[in-house]
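K.L.:
Following this message is one structure expressed as structure tokens.
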Amino acid sequence: MRTEIITSAQNPKIKNLLLLQEKSKARREQGLFVVEGRRELEHCREAGFTIRTLFVCPSIFGDIDSAENYFLCSCPKNQFPAESQSVLRHPTHSEAPSIIEIPEALYRKVAYRESTEGIIAEVEYKSLKLKDLQLPENPLIMVLESVEKPGNLGAVLRSADAAGVDAVIFCDPLTDLYNPNLIRASIGAVFTVPTVLASSQEAIAFLQERGIQILTAQLQDSSLYYDVDMRRGTALVMGTEATGLTDLWRKAASAHIRIPMLGRLDSLNVSVSAAILLFEAVRQRQ
């Protein structure tokens, strides 16, 4: 592997790493995003993403040889369709990423998280499309419409992984999928759960063509969530906490469901609501 040592925060590669962490425009233009931490990078590699550059702090992570072995021993999964699996082969020396060694003082400046493990990577974009989803019979799908906060999106992905969800669809998203806050909040679930970006119109057409019932979470004209059968193919659809779902989803719904509110407030955090609905589906299916 190609290895170099960087000690200055003014180095262009360090400046670009920080730019990718902070600016979604830079991520889109370069087709790169940043992943930090052992666990997250392991899930990232297993999902077939290509790591371009690895920044390692030996005093925290371990020596550079252990970083090389850590990278090369990953075992990618077959999550993507055959035509897009070129990155899944075992990396050769020409395909392997650059490894950049940085001292601890510099690492503390560029690390996004307070609790850190001494390893950060620049990773190439790779996105699933609706047509790429390989769904089983009677799938369970989570759909979020225009949810903005990356922390909420990441938390929903974490719950989706725990519930064994077959896919998550982000419709008309207001944040990009590879926002560092989203990756951190998901603890890597953005890589373990097949996740697709689509318009609401595209997602509705996709679900209806496959006979998957659409259950929209809303307070008005709705049934209690545990009274609705979720054992068949089901998409649970949620909107923002402030405005809820658009009429497009309400009209497309097979049924409207709600979580009973017994206190004085009329809503839960979207990630908490998603977890409640997902595990009701799990309960029914078991």
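Computed from the coordinates by the stated procedures, all read-outs in this text should not be read as laboratory data. Note that the structure is predicted; figures quoted are calculated from it, not measured. Every residue, glycine as well, gets a Cβ built from its backbone with ideal geometry; the counts of neighbours run over all protein chains shown.
K.L.:
Read phi for every residue in segment 176-185 and hand back ³J(HN,Hα) as whole Hz from Karplus 6.51 cos²θ - 1.76 cosθ + 1.60, θ = phi - 60°, with x for Gly and Pro.
P.N.:
7, 5, 10, 4, x, 5, 5, 4, 5, 5
K.L.:
Neighbouring Cβ atoms within 10 Å as the yardstick, rank TYR225, TYR125 fewest first.
P.N.:
TYR125, TYR225
K.L.:
Order of 23-32, 101-110, 4-13, 162-171 by packing, highest average Cβ count within 10 Å first?
P.N.:
162-171, 101-110, 23-32, 4-13
K.L.:
Any idea what the relative contact order of segment 130-285 is, in percent, if you count C-alpha pairs under 8 Å spaced at least 6 apart?
P.N.:
Contact order relative to length: 29 percent.
K.L.:
Hey, what's the Kirkwood Rh for segment 130-285 if you take every pair of different alpha carbons, in angstrom?
P.N.:
Final number for the Kirkwood radius of segment 130-285 is 15.3 Å.
K.L.:
Now a separate question. Below 8 Å between Cα atoms, with a sequence gap of 6+, how large is the relative contact order for the chain in percent?
P.N.:
For the chain, the relative contact order is 19 percent.
K.L.:
For Cα extents along the principal axes in Å, the choices are [x] 62, 43, 34; [y] 45, 44, 42; [z] 55, 41, 35; which was calculated from the structure?
P.N.:
Recomputing Cα extents along the principal axes in Å here gives the entry labelled [x].
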